[in-house]
């Protein structure tokens, strides 16, 4: 593959395929149909570096968004649950995820939190 080919942006069909795959459309044949291409074309695209990077970035962004939403749910439970045990469990879960538990590796958690904040 030439440098010129790798510098090309994704086509609208490739962008649609990325969105379908990120949405979890299965089987792959259905994702290919959503993009208006054959399964073999989609499989070929999945091997291309730009397509793979774009799909990985899209998945990372969606995971980050979902993580922020999940944190909001756990925080809501921590603040509003009727049961002391449920509130305590939610608080512990938040602290654990922040790396504030015995034996936790704070440095690694700081990097993970920075990724979530950068994508949110």
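Every number here is computed from the coordinates shown, using simple stated rules; none is lab data. Everything numeric in this text was worked out from a predicted model, so none of it was measured. Quick reminder, even Gly has a Cβ in these numbers, built from the backbone with ideal geometry, and neighbours come from all protein chains shown.
Some points to look at:
- A Förster radius of 22 Å, combined with the Cβ-Cβ distance separating residue 15 from residue 66, puts the computed FRET efficiency at roughly 0.55.
- Restricted to Cα atoms, the stretch 8-57 shows a radius of gyration and a Dmax of 9.4, 28 angstrom.
- Across the stretch 15-73, the mean sequence separation of Cα contacts (distance under 8 Å, 6 or more residues apart), normalised by length, yields a relative contact order of 32 percent.
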